[in-house]
Amino acid sequence: MIRLQLVIPTLDRSGAEKQFTLLATGLPRDEFQVEVVALTRGGPYAESIRQTGLPLTILKKRWRFDPLALRRLRRHLRERRPDIVHTWLFAANAYGRLAVGTGTDRPKVIVSERCVDVWKSRWQLWLDRRLMARTDHLIANADCVAEFYRGLGYPADRVRVIHNGVEQSAARTRTADSIREEFGIAKGTRLIGYVGRLAPQKRLADLIWAMELLRHLDHPVCLLIIGDGPQRSELEQFAREIRVDELIRFAGHRLDAATLIPHLNVFWLASDFEGQSNSLMEAMAAGVPVVVSDIAPNRELVTPDETGLIVPVGGKAEFARATHRLLSDPDLTERLSLAARVRMQRDFSISQMIDAHAALYREIYGTNFRTRK
C-alpha cells in the first residue's frame with residue numbers, strides 16, 4: 001500500500017477543490033492508503049470525503065503564516081509517515097514543503113499548481129523558488145501552467161501536466177422552461193450563462209457590457225450568472241447603472257449548477273487568466289457552444305471555429321458579435337457543440353485524470369522505496 005497524504009487549504013466549493021476531491025475519493029483503495037488534510041477549514045467537499053470513509057484532518061490555520069498550524073502539520077506527517085505528500089495550491093504547497101523538511105528519509109513531495117499565477121507577489125515567488133529543492137515533482141493542470149513554472153526554474157523533467165477531469169453530461173433532470181420560470185425569464189428567451197467566482201480576473205463587467213450590446217440585436221436573451229464572490233454587489237450595481245439588470249440574473253452558489261448548464265444556449269468565459277476552467281469543460285461536455293477569451297488555458301480546450309469561438313480579452317463587442325453568430329446559425333452551433341462534447345469525452349475524463357496521478361505516484365513510490373531501502 002502506498003501511503004498518501006493529500007493536503008489543501010480548504011474544501012470550499014471551487015474548481016481545484018473539486019478536482020482534489022474527485023482524486024482523493026477515486027484512487028483505488030487496494031493500492032493507496034489515502035488521508036486528507038485541510039489547513040484552514042473544511043467546506044462543502046468535506047462531507048463528500050467523509051462519506052467515502054477517508055480520514056480527514058482539519059488543522060484550523062488562522063493567519064497567513066500560522067506557526068501553530070505548521071507545527072500541527074509537521075507532527076501529523078511524522079505520526080503518519082506517508083510515502084508521498086501531495087499538496088495543492090499556494091498555502092498548502094508552502095506549508096507542506098516546510099513541514100517535511102530536508103532529511104534524506106523525508107517523504108516524496110508533489111505540489112499541484114492550478115493557474116498561471118501572475119497574481120503572486122514577489123515574496124510568494126521567492127518562497128516558491130526557495131522551496132524548489134524540496135519538490136520532487138510539480139503537477140500542472142495545463143501546458144501553459146507548466147511553462148509558467150518551468151520559467152521560474154523548475155526542472156523540465158520534474159514538471160508533469162495532468163489535465164482536469166470533467167464529469168460527462170448526465171441525464172437532463174430539468175427543462176429549459178422550468179429554469180426560465182424559476183428565474184422569472186420570459187418563455188423563448190435564449191439563456192447565456194457564466195459559472196464561477198465573481199472575482200476581478202473573471203472580467204464579468206465585460207460580459208455585462210456585452211449584454212448591453214446584444215440587447216439591440218434580434219434575439220431575446222438573458223445572462224444567468226451562477227456563482228458568488230467579492231464582486232457580486234459591485235456587479236449588480238453596475239448592471240443597474242447601465243440599465244441591463246432586467247437582462248441578468250445573479251443566481252448565487254448553486255449545488256445544482258450541473259443541471260442548469262445543459263440548458264444554456266451559449267456559455268461565456270471572459271477571464272484574463274485561468275488555469276483550466278472546470279466550468280468551461282463542463283459546458284463543453286454538455287454540448288453547450290462556448291465563447292471564451294483568448295488566453296492560453298482556454299486555447300488548450302477551445303479550437304477556434306472547431307470546438308468553440310475565441311474573442312480578445314476585454315472584447316465586449318466581440319462577445320456580443322460571436323454570440324449573435326451562434327444564435328443566428330443553428331448548423332454552426334450544432335457542429336461546435338458536437339465537437340466539444342467529443343473532445344471532452346476523449347481527452348478529459350475523470351478516470352484519465354485519476355489514472356495519470358496514480359501512475360505518477362507509483363513511479364515516485366518506486367524511487368522512494370529504493371532510496372529508503
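The values are calculated or read from the model by the stated rules, or taken from the named source; none is laboratory data. On a predicted model such as this, the values are computed, not experimentally measured, just so you know. We place every Cβ from the backbone using ideal geometry, glycine too, and count neighbours over all the protein chains shown.
A few remarks follow.
- Whenever a residue of the range 71-88 is under 12 Å from Val109 (Cα atoms), its partners that are basic (Lys, Arg), lying with C-beta atoms within less than 7 angstrom and at least six residues away or across chains, give the pairs Pro82/Arg3; Asp83/Arg3; Asp83/Lys108; Ile84/Lys108.
- In the range 285-300, the residue that is farthest from Ile139 (Cα to Cα) out of those that are part of a helix (DSSP H, G or I) and in contact with a strand residue (DSSP E or B) (Cβ under 6 Å, 6 or more places away or on another chain) is Ala285.
- For Pro28, the stated conditions hold: it is modelled with pLDDT of 95 or more and either touching a helix residue (DSSP H, G or I) at 6+ places or on another chain (Cβ under 6 Å) or under 27 Å from Met281 (Cβ atoms) (or both).
- Among (1) modelled with pLDDT of 95 or more; (2) out of contact with any Leu (no Cβ under 6 Å at 6 or more places or on another chain); (3) surrounded by 21 or more Cβ atoms within 10 Å (Cβ to Cβ); (4) not basic (Lys, Arg), the one test that Gln276 misses: (1)
- Residue ID - modelled with the lowest pLDDT, chosen from residues in the range 155-170 that are small (Gly, Ala, Ser) and within 23 Å of the chain's Cα centre (by Cα): Ala170
- The number of residues in the range 149-172 being more than 20 Å from Met281 (Cα to Cα) and either assigned by TED's automatic domain parsing to the domain that holds Arg254 or touching a strand residue (DSSP E or B) at 6+ places or on another chain (Cβ under 8 Å) (or both) comes to 6.
- Residue within the range 285-293 that is farther than 28 Å from Asp12 by Cβ, over 16 Å from the mean Cα position of the chain (by Cα), surrounded by 22 or more Cβ atoms within 10 Å (Cβ to Cβ) and modelled with pLDDT of 95 or more present: yes
- Top-ranked residue in the range 119-143 [being in a loop (DSSP other than H, G, I, E, B) and either in contact with a strand residue (DSSP E or B) (Cβ under 6 Å, 6 or more places away or on another chain) or of a type in the set (A, V, I, L, M, F, W, C) (or both); ranked as farthest from Asn164 (Cα to Cα)]: Leu131
For (1) in contact (Cβ under 8 Å) with a residue 60 or more places away in the chain; (2) closer than 30 Å to Gly366 by Cα; (3) surrounded by 20 or more Cβ atoms within 10 Å (Cβ to Cβ); (4) charged (D, E, K, R), each residue gets a yes or a no:
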residue: Gln168; (1), (2), (3), (4): yes, no, no, no
residue: Ala186; (1), (2), (3), (4): no, no, no, no
residue: Gly193; (1), (2), (3), (4): yes, no, yes, no
residue: Asp206; (1), (2), (3), (4): yes, no, yes, yes
residue: Leu217; (1), (2), (3), (4): yes, no, no, no
residue: Glu234; (1), (2), (3), (4): no, no, no, yes
residue: Ala239; (1), (2), (3), (4): no, no, yes, no
residue: Arg243; (1), (2), (3), (4): no, no, no, yes
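- Any chance Gly42 is more than 21 Å from Leu127 (Cβ to Cβ), in contact with a strand residue (DSSP E or B) (Cβ under 6 Å, 6 or more places away or on another chain), at pLDDT below 95 and not acidic (Asp, Glu): yes
- So Ala358, is it in a helix (DSSP H, G or I), outside the structural domain of Ile185 (by TED's automatic domain parsing), among the small types (Gly, Ala, Ser) and surrounded by fewer than 19 Cβ atoms within 10 Å (Cβ to Cβ): yes
- Taken residue by residue, the range 159-175 has no member that is in a helix (DSSP H, G or I) and of a type outside the set (Gly, Ala, Ser).
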